[in-house]
Amino acid sequence: MITESALMHNPKSTQCYAYNDETLHVRLRCAKDEIDKVVLWIGDPYEWAVGGLDGGNLGGSDAHGWTGGREVSMVLEGETQNHECWFAEFTPPKRRARYGFILYSKCGQQKLLFGEKRCVEISDESVAEVELSDLSNFYCFPYINPRDVLKTPEWVKGTVWYHIFPERFCNGRPEISPANVQPWGTEPDHHNFMGGDLWGVIEKLDYLESLGVNGLYFCPIFIASANHKYDTVDYFNVDPHFGGNEAFKTLVKEAHQRGMKIMLDAVFNHMGDQHPIWLDVVEKGKDSAYADWFWVKEFPVYEDKPRDQWDGTNLRYETFGNVAAMPKLNTENEACRNYLLDIARHWVKEFDIDGWRLDVCNEVDHAFWRDFRQVIKGVKPDCYILGEVWHDASAWLSGDQYDSVMNYPMTQAILDYFALNSRSKQEFIWDVNRSYTSYPHHVNEAMFNLLDSHDTSRILHLCGGNKDKAKLAYLFMFTQVGTPCVYYGGEVALSGGRGDGSEANRRCMIWDKDSQDLSFMAFIKELIDLRKSQPDLNTPTIQWLEVDNDDCVAYQRGQLEIVINNSEQPQVVQVNNETLSLPPYGYRISGN
């Protein structure tokens, strides 16, 4: 029997959206193992048997006699622990559609019409004729308006990213380092500086080009107090310890000449407590012209006692997390909003950057990001807008805000299976399927895939130092939909954990070749070459292959067949009637 209460569909959402100016993608979610076949019943709402009624908005007794419905077979896109997701593509002749779903049960006893208002058994042909012509029970996609369609930059789909934490990548000019700089390679903490700068990045562009990466994502580079630079003091100038605006302008020019894109970090949820605007509020309180630029609960904003005695969970003003040094901006204030939009416009227009990664973007109002998109796309239509959202991001991906997001659900799936061994093979497959089916296909094609970052422990640390396990994690990431990213040093097996006071994940890049793992680097280069030579690796669907072994997974990506042994024991498996012998943590890629 089909569990009707498990059937789920929402129009104009991730379950029904315009993939481009002509094409609709439609999904249906249902309970697992109940449905044998799903047919999408879809067509133009203005086709009628008698009289050509104005059917687009009709309901009730006037809605009978619709003849526009056509059958489109749906395919099983993926299954999770409790649900199946079915998918179909349809090109409506006139960009509009009404539709429902015809469900055939596995038991062969049910044929249901699932519509917007009700489920109806339609095994009886006379009942089916009536129900399939009753427009009032069908979902509506009123019109594909091109302006509403999310259009992600085409170049992103072919990008391999390299994530740089500027303070720890390369010290190109020691003379501009902070006065309290420590020797390169000192164990990092929240306060120390190593002297990394943008001149150092420029110096290593040939190295980055040799890896094969063609996109550079930078943590914040603007004037700030902390080594991470997320506490901005001046949004219009690159930190002088990084080389200032001159170094950045040179970097963009040199990178572009090599075919590399540049993406900066936009920290618009909060600013640093040394920013002149916040200091004005500290000094003048409610009389400051900027008093409403922040979420202040009580003036004066600072308690009259030493900061180390403040209650960090009950400050007089809102902050990022409970960090007193990062007061939260009120983007609903018009002047504040315009100030931040001017910053965003400035760096695209004056420095020709190619993308913005939006820090803590889920805590900023949606209206701001709609304005942000209009401003950025108005200056540079193919500028990439990437959100940092760690949970479901559907609310930001309808075409009016971000192009895509950082794919942390996929990250977690990969880490849980390959690094931590905390999920079974079947659970891993469900987790990956959920990642694929959560968003529109064009969002997935522009997804930012990562294994680690400045915010997380490094992949090798999570693998307990086992480089073979880390290789499998990289292999899987590089062969999934979206654009892969390598966190600086990952290519030479740089390790380090984050948490409990440790910032070892932000260790200095290793430049001494005798200390680099060159074989690991060669492996990463091979993956980058494979990725760039196989466009089908960015197809937004995954086909799992049957392999009767709890430690081995196999999947098809375009013409490539990939089999992975995620265990410390050698395995002999059958895949597509072929017997394979895989060493511990071994893999095989065939078909290229």
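Remarks
- Residues within the stretch 146-182 that are in contact (Cβ under 8 Å) with a residue 24 or more places away in the chain and part of a loop (DSSP other than H, G, I, E, B), tallied: 15
- Of the criteria (1) surrounded by fewer than 16 Cβ atoms within 10 Å (Cβ to Cβ); (2) without any contact (Cβ under 8 Å) to a residue 60 or more places away in the chain; (3) under 24 Å from E47 (Cβ atoms); (4) not charged (D, E, K, R), which one P142 fails: (2)
- Note on the stretch 402-431: residues that are touching a strand residue (DSSP E or B) at 6+ places or on another chain (Cβ under 8 Å), buried (at least 22 other Cβ atoms within 10 Å of the Cβ) and hydrophobic (A, V, I, L, M, F, W, C) amount to 3.
- Residue match in the stretch 145-167 (condition: over 30 Å from M1 (Cβ atoms), of a type in the set (V, I, T) and in contact with a Pro (Cβ under 7 Å, 6 or more places away or on another chain)): yes
One line per residue, one yes/no per condition, for (1) in a helix (DSSP H, G or I); (2) at pLDDT 95 or above; (3) touching a helix residue (DSSP H, G or I) at 6+ places or on another chain (Cβ under 7 Å); (4) over 29 Å from W356 (Cα atoms):
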{"site": "F418", "(1), (2), (3), (4)": "yes, yes, yes, yes"}
{"site": "D431", "(1), (2), (3), (4)": "yes, yes, yes, no"}
{"site": "S435", "(1), (2), (3), (4)": "yes, yes, yes, no"}
{"site": "P484", "(1), (2), (3), (4)": "no, yes, yes, no"}
{"site": "S495", "(1), (2), (3), (4)": "no, yes, yes, no"}
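- Subset tally (residues that are crowded, with 17+ Cβ neighbours inside 10 Å and at pLDDT 85 or above) for the stretch 48-71: 5
- So H241, is it under 20 Å from G321 (Cα atoms) and modelled with pLDDT of 95 or more: no
- Test: A367 is more than 25 Å from K261 (Cα to Cα) and of a type in the set (A, V, I, L, M, F, W, C): yes
- Selection count where residues are more than 23 Å from L279 (Cβ to Cβ) and surrounded by 24 or more Cβ atoms within 10 Å (Cβ to Cβ), scope the stretch 220-247: 1
- Qualifying residue in the stretch 420-443 (condition: polar (S, T, N, Q), farther than 13 Å from W390 by Cα and touching a Cys at 6+ places or on another chain (Cβ under 7 Å)): yes
- Among residues of the stretch 421-445, those that are of a type in the set (A, V, I, L, M, F, W, C) and within 15 Å of the chain's Cα centre (by Cα), counted: 2
- Qualifying residues in the stretch 551-588 (those that are in a loop (DSSP other than H, G, I, E, B) and acidic (D, E)) - the one nearest to M477 (Cα to Cα): D551
- Selection from the stretch 158-202 of residues that are under 17 Å from M260 (Cβ atoms) and surrounded by fewer than 16 Cβ atoms within 10 Å (Cβ to Cβ): G158
- Unique residue being touching a residue at least 60 places away in the same chain (Cβ under 8 Å) and among the small types (G, A, S) when the list is A255, A266: A266
- Residue within the stretch 390-408 that is in contact with a helix residue (DSSP H, G or I) (Cβ under 8 Å, 6 or more places away or on another chain), part of a helix (DSSP H, G or I), within 25 Å of G321 (Cβ to Cβ) and not basic (K, R) present: yes
- Within the stretch 229-266, restricting attention to residues that are touching a Lys or Arg at 6+ places or on another chain (Cβ under 8 Å) and not in a helix (DSSP H, G or I), the residue that is farthest from L198 (Cα to Cα) is A266.
Per-residue answers, yes or no, for (1) of a type in the set (G, A, S); (2) farther than 30 Å from P183 by Cα:
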residue: D500; (1), (2): no, no
residue: A504; (1), (2): yes, no
residue: L527; (1), (2): no, yes
residue: L530; (1), (2): no, yes
residue: W544; (1), (2): no, yes
residue: D550; (1), (2): no, yes
residue: Q574; (1), (2): no, yes
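- Where D548 falls short, out of the listed (1) assigned to a loop (DSSP other than H, G, I, E, B); (2) over 25 Å from the mean Cα position of the chain (by Cα); (3) at pLDDT 95 or above: (3)
- Filtered residues of the stretch 341-373 (kept if touching a Ser or Thr at 6+ places or on another chain (Cβ under 7 Å) and surrounded by 18 or more Cβ atoms within 10 Å (Cβ to Cβ)): V364, F368
The values are calculated or read from the model by the stated rules, or taken from the named source; none is laboratory data. Since the structure is predicted, the reported quantities are computational estimates derived from the model, not experimental observations. Neighbour counts run over all protein chains shown; Cβ positions are idealised from the backbone, glycine included.
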